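K.L.:
Pasting a structure below so you can have a look.
None of the figures in this text is laboratory data; all of them are computed from the coordinates on show. Computed from a predicted model, the values in this text were never measured in an experiment. Backbone-built Cβ (ideal geometry, glycine too); neighbour counts: all protein chains shown.
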Amino acid sequence: MERKMVLVLIMVVAVGVWCLASGVSPAQVKSPADFSFEQGKASPGKVAFSHQKHIGDDVKCTTCHVKLFKMKKRSTDTSGGAMHKNTACGLCHDGKKSFALGDKNNCMKCHKK
Ligand code: HEC
Ligand code: HEC
Ligand code: HEC
């Protein structure tokens, strides 16, 4: 009897994992519309974020969610240069995976007047 319960439990978990793994594939999940972050006092311009421009072969929903960002607009603390760090946008905008955050020529790729 107990062994049967364990088997059922294993099956339930397996199905759950399968759903999670397939449910977040970019082909099936519509990415949210573009939005912008709250602008900090010192910020040189408002930063918009496009999901559509980020999703690709190498970048899946799980690349950012929920390790880096919650699936909720304006839930991230953007103060104190937090978004520049490698725990946020800086993880990829490092000059290797994508254009570098620290390069003066790139500020306006994110910050718009
Ligand atoms: C490159 C990083 C990145 C990837 C990849 C990514 N997201 Fe996001 N997502 C974000 C950020 C940043 C936010 C906003 C967090 C904040 O403002 O605090 C966000 C917010 C969201 C929100 C909340 C939107 C709202 O209106 O509140 C949803 C839903 C979401 N993402 C779904 C997805 C899905 C589905 C995928 C895959 C198709 C995906 N995300 C891939 C970075 C990403
Ligand atoms: C998982 C890696 C990753 C993370 C995290 C990430 N980006 Fe990107 N981003 C990319 C890649 C890859 C591109 C496209 C290649 C390129 O243009 O260098 C890109 C492109 C962009 C672009 C140019 C889009 C266009 O118009 O072509 C902007 C703006 C941008 N990212 C802003 C952000 C912001 C703001 C954040 C943090 C909220 C962020 N990114 C987080 C990987 C990432
Ligand atoms: C990959 C996108 C990206 C690039 C490139 C980028 N930033 Fe940012 N930066 C952000 C985001 C997102 C925020 C948080 C939203 C805001 O305050 O506008 C931010 C915030 C800031 C802030 C405000 C910090 C605070 O706590 O008030 C300053 C100052 C800043 N950036 C300067 C720069 C400068 C200077 C450059 C170029 C050398 C640059 N940024 C390049 C994404 C970027």
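K.L.:
Out of everything in the stretch 37-68 that is charged (D, E, K, R) and within 9 Å of ligand 3 (Cβ to nearest atom), what residue ends up being nearest to the chain's Cα centre (by Cα)?
P.N.:
Result: Glu38.
K.L.:
With the requirement that a residue be within 7 Å of ligand 2 (Cβ to nearest atom) and out of contact with any helix residue (DSSP H, G or I) (no Cβ under 9 Å at 6 or more places or on another chain), what does the stretch 59-68 give you?
P.N.:
Result: Val59, single match.
K.L.:
It is to be established whether one or more residues within the stretch 96-105 are in a helix (DSSP H, G or I) and of a type in the set (D, E, K, R).
P.N.:
There is no residue in the stretch 96-105 that is in a helix (DSSP H, G or I) and of a type in the set (D, E, K, R).
K.L.:
Additional query: May I ask you to list pairs of residues, at least six apart or on different chains, whose Cβ atoms are under 6 Å apart, with the first in the stretch 83-95 being farther than 15 Å from Ser43 by Cβ and within 6 Å of ligand 2 (Cβ to nearest atom) and the second being among the polar types (S, T, N, Q) and outside any helix (DSSP H, G or I)?
P.N.:
Between residues of the stretch 83-95 that are farther than 15 Å from Ser43 by Cβ and within 6 Å of ligand 2 (Cβ to nearest atom) and residues that are among the polar types (S, T, N, Q) and outside any helix (DSSP H, G or I), the close pairs are Cys92/Ser98.
K.L.:
I would also like to ask the following. Scanning the stretch 69-95 for residues that are in a helix (DSSP H, G or I) and not aliphatic (A, V, I, L, M), which turns out farthest from ligand 3 (Cβ to nearest atom)?
P.N.:
The selected residue is Gly90.
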